[in-house]
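Asker: Take a look at this one; I'll ask things after.
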Amino acid sequence: MQIIKTIAELREHLSGFKRTAFVPTMGNLHEGHLALVRQAEPLGDAVVVSIFVNRLQFLPNEDFDTYPRTWEADCQALERAGCDVLFAPSEQELYPEPQGFTVHPPTELANLLEGHFRPGFFVGVCTVVMKLFACVQPQVALFGKKDYQQLMVIRRMVQQFALPIEVIGGKTLRADDGLALSSRNNYLSQGERQEAVQLALALKTMADALSAGETDLPALEARAMLALKARGWKPDYLTVRQRADLQTPAAAHVPALAANAGLLLLGAARLGSTRLIDNLEV
Ligand code: PAF
């Protein structure tokens, strides 16, 4: 595996390849990232992974400074997973001057859910992903479905800017108890780690209610929020959305959408000081 830290060197190195498959990350890699790398392998003649903790997508009160940087372990894991090129630019390399040009995703997709609770998050994500795309110039890019809204925003960005990149979603990997793998799971204390699966279970309970014919979505969402709150969580949202556009479905459409795999349950909640997100396609 080649480790490259500058854009010029990356371009030079990748000029020898015909088809690049790209997995952008912020490091602190877990099996979910490595599964994306493995998924990327047959899709290109070079698999490029980036590690860059992107300051632009963190709110001032968020964990940019403390976000775990696990360079040695990440390199070893990537090597084993079959990564060909690790692109790890410094902040100075990627943002040599304040990033005045930014990418603003459409509000109807990016100002709800994560965008509502983390204003500016998707501007930061789109801006860095656009820039990383410009550096790597991949033919294929892979993003985890755990960040479902992020995946949708990036798909839309690629489509609207007519970027010649195929965007592929990788399925969410889960621990044995069902907790979605996430870099932020590392923040959980032992007790919190045991509790953390309740977010996935809450989404499952909502899915079961939909299968049983529930159509009163506000009531269903309120019950789910209350149940998590009673366990000591601080939920931001537990919600039923249309998969196509993340909007709230009309009650009359719920049965048909549920029958045709057209719904998505999404949840975000704080456990102690750790904010976890998860989702479930139904
Ligand atoms: O999902 C992430 O790890 C980040 O949001 C991404 C896509 C690497 C952009 O910084």
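Asker: Within the stretch 141-181, how many residues turn out to be open to solvent by 20 Å² or more (accessible area, probe 1.4 Å), within 14 Å of the ligand (Cβ to nearest atom) and among the polar types (S, T, N, Q)?
Answerer: Count: 2.
Asker: Which residue pairs have Cβ atoms under 6 Å apart, sit 6 or more places apart or on different chains, and have a first residue in the stretch 43-59 that is more than 9 Å from the ligand (Cβ to nearest atom) and a second that is assigned to a helix (DSSP H, G or I) and open to solvent by 20 Å² or more (accessible area, probe 1.4 Å)?
Answerer: The qualifying pairs are 47/41.
Asker: Shifting gears a bit: Considering 79, 62, which residue is of a type in the set (Asp, Glu), in contact (Cβ under 8 Å) with a residue 40 or more places away in the chain and within 16 Å of the ligand (Cβ to nearest atom)?
Answerer: None of the other options fit; the residue is 62.
Asker: Looking at 251, 259, which one is in contact with a Ser or Thr (Cβ under 6 Å, 6 or more places away or on another chain), surrounded by fewer than 13 Cβ atoms within 10 Å (Cβ to Cβ) and more than 25 Å from residue 32 (Cβ to Cβ)?
Answerer: After ruling out the rest, the residue left standing is 251.
Asker: Scan the stretch 189-229 residue by residue and report those that are under 23 Å from the mean Cα position of the chain (by Cα), small (Gly, Ala, Ser) and open to solvent by 40 Å² or more (accessible area, probe 1.4 Å).
Answerer: The answer is 189, and nothing else.
Asker: Check 138, 105 and return the single one that is in contact with a strand residue (DSSP E or B) (Cβ under 7 Å, 6 or more places away or on another chain) and open to solvent by less than 30 Å² (accessible area, probe 1.4 Å). Explain how you work it out, then say what you get.
Answerer: Details: 105 fails: in contact with a strand residue (DSSP E or B) (Cβ under 7 Å, 6 or more places away or on another chain).
138 is the lone residue from the list that is in contact with a strand residue (DSSP E or B) (Cβ under 7 Å, 6 or more places away or on another chain) and open to solvent by less than 30 Å² (accessible area, probe 1.4 Å).
Asker: Inspect the stretch 9-20 for any residue being of a type in the set (Gly, Ala, Ser), at pLDDT below 95 and open to solvent by 30 Å² or more (accessible area, probe 1.4 Å) and give the result as yes or no.
Answerer: Let us first name the residues in the stretch 9-20 that are of a type in the set (Gly, Ala, Ser), namely 15-16.
Narrowing the set further to residues that are at pLDDT below 95 leaves 16.
Applying the additional criterion that residues be open to solvent by 30 Å² or more (accessible area, probe 1.4 Å) yields 16.
Checked against the condition, which is being of a type in the set (Gly, Ala, Ser), at pLDDT below 95 and open to solvent by 30 Å² or more (accessible area, probe 1.4 Å), the stretch 9-20 yields at least one hit.
Asker: Could you count how many residues in the stretch 92-121 are in contact with a helix residue (DSSP H, G or I) (Cβ under 7 Å, 6 or more places away or on another chain) and closer than 30 Å to residue 13 by Cβ?
Answerer: Count: 5.
The values are calculated or read from the model by the stated rules, or taken from the named source; none is laboratory data. Fair warning: this is a prediction, and the values are worked out from it, not measured in the lab. Cβ atoms come from the backbone with ideal geometry, glycine included; neighbour counts cover every protein chain shown. The accessibility values were calculated without ligands, DNA or RNA, using every heavy atom of the protein model including side chains. Shrake-Rupley method; radii C 1.70, N 1.55, O 1.52, S 1.80 Å.
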